[in-house]
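Everything on this sheet refers to the single structure shown next.
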């Protein structure tokens, strides 16, 4: 299961909530396993997951009728109680023997149509005896006006925003999430390797990008991040691979990652085409030491802001005296920026089971950009890396 | 330019608006050309585009500092007035000659930091002399609470929701949009062809999916929709290609499309592995005639609901007497479901320059799913197809 049930129940109890409702597509998938394929195609389609506190009823998914087939076909979906809304016709063969999936889909199609998403949600809440309860609603995925409308539809309930609860629950990953993140990280590294295989003078950035994304797709992931910049263009934060042709001596910076079974990777590596200058070597080594400094410090109980301070200080001491950053890393999961943020203003404390991207980018317009970014899991006694390559500068023959 | 400026100004005038503000990532890209690479990675990051009415000032983009490089590198960005917010450090080489892009990025980095997205937006509005104006805000991309907060920050302005204005402006496409949609449609068809090249008994759906998405990536697009179902699984609306192995006699249904330079394709085709049954032939032909019936009717001035009625009637008459649908097509563009919807309850009237997906899917649990879906542009005198293949049933040698 993706959902960290214990942590969710604990945070609900701490807030005195009888139930929470996921609405943001990422939170819906996290809470239920259900992922609408149309999420990246159609903005604002409403799906919800009702998660009652222990002893307050069974979880339920609220979904548009045209997504019922996904309830049956997606192995991740663990919630059986479904409320549907909207007209969508699926026929069934009268005389054919149906398999169990087909049977289940026919059952779901025969559920009552609740008309609108909010009416379906209210039916699920009422059926669970929660119409007078205190309910936390993830306000980020609701259409504008729906939060207020829900209050009118449930006049005896206490409704409060709960997007932050989902973000905090998601910060500590389950084993299944860690396994997907590890695979996503591996796919990103393999895809970098595929891009570097074609890297030589005369080859365009675009060709590196195609090799990168092509490998990502072959490994069963979806392309998401694909910053690949060369030469002075490597200083562009979001370098989109373009027509520029690689030259001997170039810095090539990757800040990349795809989505594997809904989980994201975010990895950065730098290669040079032939021998780097002394300054590139010195700066890159300093950035790498910064990341390794974080690895030595990270363990449950350490403050995110202390990690930030130590990393920036290490990079300055090791070779970039003017180094400045807003953050040196962030959580990663079903969203690319999960809790915590490794920033000076963060009040987060590291917990066992968090998954982090630790990164020390450096962008210098006119020169190049350099970056090390690794994905790790926080274990009881420190850091467990998700990477299979180290963050050192990779010097390609040229 | 992606934005249909004349239509936008006309709709603003009709509503008495002095300015509109895009907030949804799709609307931001549509209005300005700017597309944040992190849009698919990070939920809720705020970028806005201020579009004043003619004579009321220059358009402006409001953006987080870490996206400034995208203002420079993205050739689509046509707005020069930028308001930034947030800390993000980009260094620059002191003694190196910078090219014009680097110069521009350094200028942008030196703009004042407005702190928060709403403060930056208010600065842009005030600098345009619009602090007492009537302003339409696309409410769909704002974080919860921001709409009300904006009202307090601009106490003398009249603020009203305007997401529907953007949807209506976007319904009639510019030449640049049509050219991208045409390319997206072509990539979808070529990707179907690549998948069908590997289709034979013993090959898994997954292999078809990899061939499909691999081709999409090679053509410079991003995978989005990828429903590929075979045999009884073709009846699953969102068939995710899985381990099932193709068998002789299978129906293979594609409902697919990628994203090319921000514009989406949505195309459906059906093939059979060897000769289809008479019922598959009859049903598929009826569905195809339904789509062709729409093509004969569609021209400026025709009601969307009349098209719906005619299509459903044609499919019933031609071989599926019990055919029912909620809609037989929809607009397509930077979102997968643009205006208009070809449904019985729609009050939309077809206009020149609309781009439509016309579709007649039929899902029969236990048997198969069949579907024809073509992309077209509405021209003065009727339909111009975006397709290079016809929607007929494709019978593969087996």
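The values are calculated or read from the model by the stated rules, or taken from the named source; none is laboratory data. Predicted model only: the values in this text are computed from it and were never measured. Every residue, glycine as well, gets a Cβ built from its backbone with ideal geometry; the counts of neighbours run over all protein chains shown.
So is residue B:113 at pLDDT 95 or above, within 14 Å of another protein chain (Cβ to nearest Cβ) and more than 29 Å from the chain's Cα centre (by Cα) or not? Judged against the criteria, residue B:113 is a match. With respect to (1) more than 27 Å from residue A:339 (Cα to Cα); (2) modelled with pLDDT of 95 or more; (3) within 8 Å of another protein chain (Cβ to nearest Cβ), the lone exception for residue A:65 is condition (3). Selection of strands (runs of 3 or more DSSP E) fully inside the range B:284-398 by the criterion of at least 3 residues being within 30 Å of residue B:25 (Cβ to Cβ) and either in contact (Cβ under 8 Å) with a residue 12 or more places away in the chain or not assigned by TED's automatic domain parsing to the domain that holds residue B:239 (or both) returns B:329-331, B:338-341, B:355-359, B:373-379. The listed residues are A:193, A:188, and the only one of them that is in contact with a helix residue (DSSP H, G or I) (Cβ under 9 Å, 6 or more places away or on another chain), closer than 30 Å to residue B:205 by Cα, part of a helix (DSSP H, G or I) and more than 13 Å from every other protein chain (Cβ to nearest Cβ) turns out to be A:193.
Evaluation of residue A:203 against the conditions (1) free of Cβ contacts under 8 Å to residues at least 12 places away in the same chain; (2) more than 14 Å from the chain's Cα centre (by Cα) shows that the sole unmet condition is (1). In this structure, residue A:38 does satisfy being surrounded by 19 or more Cβ atoms within 10 Å (Cβ to Cβ) and within 22 Å of the chain's Cα centre (by Cα). Name the single residue that is surrounded by the most Cβ atoms within 10 Å (Cβ to Cβ) among those in the range B:287-307 being within 22 Å of residue B:269 (Cβ to Cβ) and out of contact with any strand residue (DSSP E or B) (no Cβ under 7 Å at 6 or more places or on another chain). Taking the candidates together, the pick is B:290.
Exactly one residue among A:17, A:50 is modelled with pLDDT of 95 or more, buried (at least 21 other Cβ atoms within 10 Å of the Cβ) and part of a strand (DSSP E or B), and that residue is A:50.
Filter the range B:68-101 down to residues that are assigned to a helix (DSSP H, G or I) and modelled with pLDDT of 90 or more and give me whichever is farthest from the other protein chains (Cβ to nearest Cβ). Looking at the filtered set, the residue picked out is B:71. Of all the residues in the range A:212-221, those that are over 19 Å from residue A:200 (Cα atoms), surrounded by fewer than 22 Cβ atoms within 10 Å (Cβ to Cβ) and within 7 Å of chain B (Cβ to nearest Cβ) number 1. Only residues that are away from chain B (no Cβ under 14 Å) and not in a loop (DSSP other than H, G, I, E, B) were counted in the range A:122-157, giving 10.
Among the residues of the range A:227-257, just one is within 15 Å of residue A:189 (Cβ to Cβ), in contact with a helix residue (DSSP H, G or I) (Cβ under 6 Å, 6 or more places away or on another chain) and facing chain B (nearest Cβ under 10 Å), namely A:257. With respect to the conditions (1) under 25 Å from residue A:101 (Cβ atoms); (2) within 13 Å of chain B (Cβ to nearest Cβ); (3) in contact with a helix residue (DSSP H, G or I) (Cβ under 9 Å, 6 or more places away or on another chain), residue A:24 lacks only one, and its number is (1).
Mind listing just one residue for me: the one in the range B:332-352 that is under 21 Å from residue B:2 (Cβ atoms) and touching a helix residue (DSSP H, G or I) at 6+ places or on another chain (Cβ under 8 Å) and, of those, farthest from the other protein chains (Cβ to nearest Cβ)? Ranking the candidates gives B:340 first. For the range B:198-211, the candidate set comprises residues that are assigned to a helix (DSSP H, G or I) and in contact with a helix residue (DSSP H, G or I) (Cβ under 7 Å, 6 or more places away or on another chain); within that set, the residue that is nearest to the other protein chains (Cβ to nearest Cβ) is B:210. Checking each residue in the range A:241-261 for being under 28 Å from residue A:24 (Cα atoms) and either outside the structural domain of residue A:319 (by TED's automatic domain parsing) or surrounded by fewer than 20 Cβ atoms within 10 Å (Cβ to Cβ) (or both) picks out only A:261. Within the range B:20-34, the set of residues being assigned to a loop (DSSP other than H, G, I, E, B) and surrounded by 24 or more Cβ atoms within 10 Å (Cβ to Cβ) comprises just one member, B:23. Residue check, residue B:175 against (1) exposed (fewer than 15 other Cβ atoms within 10 Å of the Cβ); (2) within 23 Å of the chain's Cα centre (by Cα); (3) within 11 Å of chain A (Cβ to nearest Cβ), all met but one. Which one? Just one mismatch for residue B:175, condition (3). Exactly one residue among B:68, B:17 is more than 22 Å from residue B:161 (Cα to Cα) and more than 23 Å from the chain's Cα centre (by Cα), and that residue is B:68.
Residue count for the range B:330-361 satisfying the condition of being more than 14 Å from the chain's Cα centre (by Cα) and under 15 Å from residue B:308 (Cα atoms): 13. Given the structure, is residue B:274 crowded, with 23+ Cβ neighbours inside 10 Å and on the phi > 0 side of the Ramachandran plot? No, not satisfied.
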